[in-house]
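Just below is one structure, and these are the notes that go with it.
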Amino acid sequence: MKKLPLYLLLTAGAAVMLYPMLWLIGASFKSNDEIFSSVWFIPHSVDTDVYKNAWRTVTPYNMGHYFMNTLMIIVPRTIFSVTSSVLVAYGFARFDFPLKRLFFALLLGGMAMPTLVTVMPLFLMWSKLGYLDTYIPLTVPYLFAAEGMFVFILIQFFKGVPKEFDEAARIDGCGALRTLLYILIPCIRPAIVSIMVFTFLWTMNDFLTPLIMIQSVEKYPLSLALRLSVDSTGQDYEQNKVIALSVIGLIPSVTVFAIAQKKFVSGITAGGLTG
Amino acid sequence: MKKRTYCNPVGVSRFTGLLLISPFILGLAAFLVYPFVCSFLLGLTDYDGIRPPEFSGLENYRYMLKDRTFRKALGVTVKYALILVPLKLTVSLLTAMLLNAEIKGIGIFRTAFYIPSILGSNLAVVIMWQYLFTSKGLVNQLLSMAGAPPVSWYGDPDKAVYMIVLLRLWEFGSTMIIFLTALRDVPKELYDAAKVDGCGPVRGFFAITLPQLKSVIFINLVLQTIAAFQEFNAPYMITGGGPMKSTYTLGMLIYDEMFRYNEQGYANALSWVMFMVISAAVAVMYAVSALMRRDEE
């Protein structure tokens, strides 16, 4: 058993990574006293009422409403992102055109641009156009391959597909778009899954942009609604209710990751880059 | 993409590629170049968000030089980046090396180490962190079990920043995966040859692993530095910038000037300075890595 020390080390590491989350779930069933007196995560008793309360929130809407709001952002964002990033990456990976190197440099440079630099002018722009407090500012930019990282990942994948495939398709009479649709897209499916998963996860985590663009509580995505509920619940009492709220906020991301995990991890490792 | 690796096939116009990337070009103009230029121009004005902006030249920048809060925030941000980035890169690389082993069940371990990084600034994580570090929270309970005195994470200006550092360190999975991918591409023969030459694991690490991973280390260094300088979510939600502004990052200062005090001209000047600081940091790293490469040749 030469590998035992390695297993022990990895198990200890994994415990550090995962225990806080287990503890959080356990704590949602605990009384205030129990939360602060025990490091063990399993609660004395399990009462699901806390989740019913948390689900209702202190706002006029329940968590389901806010989750639907988030989906209203995620679904168009995913469709826009995948379509535009695939087209742009295809252009970069398979064609020559004027100023290609300049545009590629700008693609990479764009990833380094701090959100805080652009968010204020964009706020003013959307407010002039009358689209504040709608989901337009949160979705429309993704029609234009706004996530440079996605284009970059896809380019790596396109490069992994032999160019003979394209040529064979062309001999059979396929144009550029049909080659993409029927030959290349099936080859890069893991990358597309990765992009969809990343879009989901990043939208769930997105805080600054919705905080600035969305004003009415009715339209809040999950992240803002959770923040509001937590702030107005007050952390001095009913600690487990706040914790239950945050567990609810954790579930969608972890579920999506768990479902897509196999394809997703192969996608990011093969692509060589992640967020 | 240094050389033309692929010529357009016969019958394909050189504008097909341009047409395909046209969404990117439009988006670049509308959502990057336009706000970038706007931000610069607004930085030269006095603007409260209501009355039209009034040109004030370099007044905002002159004020910045005297602004103590700015100096404090810049210091906090630089300190935070200097602590976090080397730590995160080291932990990521060492863990990636462990996870590169071909043993049973390694996939489960890879997933376990990766999961925290998908949560980013998800509110669940933020709440969790707040509870872990309260005076009687899990961390202090563990410390007392180990016989160490409890730490006042929220009250001690020297300690609060480590809560944020530890959060981002806990989320090292995405950096680690990049290293892991690169490690898989390092030819195994190199290590075998080194072993034959009597080279131990430590020397193997410095003589083979590090040089082979140079470009990935650089990418991770740049990505993490950019992210660290922009840190806003975690201090905003966990500490609110306190105690005594010890976690008040540049990002928080810009946000406050923008949306709390409506000093939008000043806020834009600040965000430009943030951009310049990040660019300067990246430029320095780029120059150093270029120098190191030249030395080797």
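Read-outs: derived from the displayed coordinates by stated rules, not from any lab. Treat the numbers as computed from the prediction; the structure is a model and nothing was measured. Cβ placement follows ideal geometry from the backbone for every residue including glycine, while neighbour counts extend to all protein chains displayed.
Quick one: net charge of B:GLY240's neighbours, Cβ under 13 Å, K/R +1, D/E -1? Could the numbers behind the result be given before it?
Working: positive: A:ARG227, B:LYS245, B:ARG260; negative: A:ASP231, B:ASP256.
That works out to +1.
Give me the distance between the Cα centres of the range B:40-102 and the range B:242-278, rounded to whole Å.
Between the Cα centres of the range B:40-102 and the range B:242-278 lies a distance of 8 Å.
When the chain is fully extended, how far beyond the present Cα-Cα distance does A:ASN62 get from A:GLU238, taking 0.36 nm per residue of separation? Before the final figure, lay out each step's value.
Working: separation 176, 0.36 × 176 = 63.36 nm, distance 1.82 nm.
Full extension of this stretch gives 61.5 nm more.
Say a paramagnetic label sat at a point 7 Å from the Cα of A:GLN215, along Cα to Cβ; which residues of the range B:36-68 have their backbone N under 15 Å from it?
B:49-51
Once each part is reduced to its C-alpha centroid, what is the distance from the range A:50-81 to the range A:154-189 in angstrom?
Distance between centres, Cα-based: 38 Å.
What is the helix-to-structure angle for A:222-233, meaning the angle in degrees between its Cα long axis and the longest Cα principal axis of chain A, kept from 0 to 90 and rounded to the nearest 10?
20
Starting from the Cα of B:VAL37, move 7 Å in the Cα-to-Cβ direction to define the label point; list residues of the range A:97-121 whose amide nitrogen is under 16 Å from there.
Inside the label zone: A:118, A:121.
Quick check on chain A: helices-only [θ] at 222 nm, where DSSP H runs of length 4 and up contribute -39,500 (n - 2.57) each and the sum goes over total residues. Nearest 500, please. Could the numbers behind the result be given before it?
Details: 14 runs with 193 residues, N = 275.
So the helix-based figure for chain A works out to -22500 deg cm²/dmol.
Among the chymotrypsin sites (Phe, Trp or Tyr not before Pro) within the range B:213-297, which fall in a DSSP loop and have no more than 12 other Cβ atoms within 10 Å of their own Cβ? List each step's numbers first, then the result.
On the way: sites: B:PHE218, B:PHE229, B:PHE232, B:TYR236, B:TYR248, B:TYR255, B:PHE259, B:TYR261, B:TYR266, B:TRP272, B:PHE275, B:TYR286; in loops: B:PHE232, B:TYR248, B:TYR261.
Sparse-neighbourhood loop chymotrypsin sites (Phe, Trp or Tyr not before Pro): B:TYR261.
For the range A:130-256, state the semi-axes of the equivalent ellipsoid (square roots of 5 times the eigenvalues of the alpha-carbon gyration tensor), sorted largest first and rounded to whole angstrom.
Numbers: eigenvalues 359, 62, 18 Å².
Semi-axis lengths for the range A:130-256 are 42, 18, 10 Å.
With r as the distance between the Cβ atoms of A:LEU99 and A:ASP172 and R0 = 35 Å, compute the FRET efficiency 1/(1 + (r/R0)^6) and round to 0.05. Kindly include the intermediate steps, with their values, before the conclusion.
Details: r = 32 Å, r/R0 = 0.90.
In this case the efficiency is close to 0.65.
What whole-number value in cubic angstrom gives the convex hull volume per residue for the C-alpha atoms of the range A:54-269? Don't jump to the answer; show the numbers that get you there.
Values: hull volume 32.1 nm³, N = 216.
That works out to 149 Å³ per residue.
B:LYS188: net charge of surrounding residues, Cβ under 12 Å, Lys/Arg +1, Asp/Glu -1, itself excluded?
For residues surrounding B:LYS188, the net value is -2.
Can you put A:HIS65, A:HIS44 in order, fewest other beta carbons within 10 Å first? Mind dumping the intermediate values first?
Details: A:HIS65 16, A:HIS44 9.
Going from least to most buried by this count: A:HIS44, A:HIS65.
For a Förster distance of 51 Å, can you work out the FRET efficiency between the beta-carbons of B:PHE259 and A:ARG189, rounded to the nearest 0.05? Let's see the in-between values first.
Values: r = 42 Å, r/R0 = 0.82.
E(calc), rounded to 0.05, equals 0.75.
Want the number for B:LEU291 to B:MET244: 0.36 nm per residue separation, take away the alpha-carbon distance, what's left?
Values: separation 47, 0.36 × 47 = 16.92 nm, distance 4.05 nm.
Gain on stretching B:LEU291 to B:MET244: 12.9 nm.
So what's the net charge close to B:ASN100: Lys and Arg +1, Asp and Glu -1, counting the other residues with Cβ under 15 Å from its Cβ? Display every interim value, and only then the final one.
Working: positive: A:LYS3, B:LYS104, B:ARG110, B:ARG184, B:LYS188; negative: B:GLU102, B:ASP185.
In short, +3.
Counting other C-beta atoms within 10 Å, which of A:PHE97, A:PHE158, B:PHE179 has the fewest, and how do the rest follow? Intermediate results must be reported in sequence, preceding the final value.
Values: A:PHE97 18, A:PHE158 22, B:PHE179 25.
Arranged by neighbour count, lowest to highest, A:PHE97, A:PHE158, B:PHE179 become A:PHE97, A:PHE158, B:PHE179.
Pick from B:GLU102, B:GLU54, B:GLU231: which residue has the top mean-square fluctuation in a GNM of chain B where Cα pairs under 10 Å get a spring?
B:GLU102
Need the full-extension length gain, B:ARG51 to B:LEU87, defined as separation in residues times 0.36 nm minus the C-alpha distance. One decimal, nm. Could the numbers behind the result be given before it?
Details: separation 36, 0.36 × 36 = 12.96 nm, distance 4.62 nm.
Roughly 8.3 nm would be gained on extension.
Please compute the average number of Cβ atoms from other chains found within 10 Å of each residue's Cβ in peptide A:175-188.
On the way: counts 3, 9, 2, 0, 1, 1, 0, 0, 0, 0, 0, 0, 0, 0.
Rounded to a whole number, the mean comes out at 1.
Among B:LYS245, B:LYS72, B:LYS88, what is the fewest-to-most ranking by other Cβ atoms within 10 Å?
On the way: B:LYS245 19, B:LYS72 16, B:LYS88 23.
With the sparsest Cβ surroundings first, the list reads B:LYS72, B:LYS245, B:LYS88.
Short version: what are the Cα gyration tensor semi-axes of the protein assembly as shown, square root of 5 times each eigenvalue, largest first, in whole Å? Display every interim value, and only then the final one.
Values: eigenvalues 270, 211, 134 Å².
Whole-Å semi-axes of the equivalent ellipsoid: 37, 32, 26.
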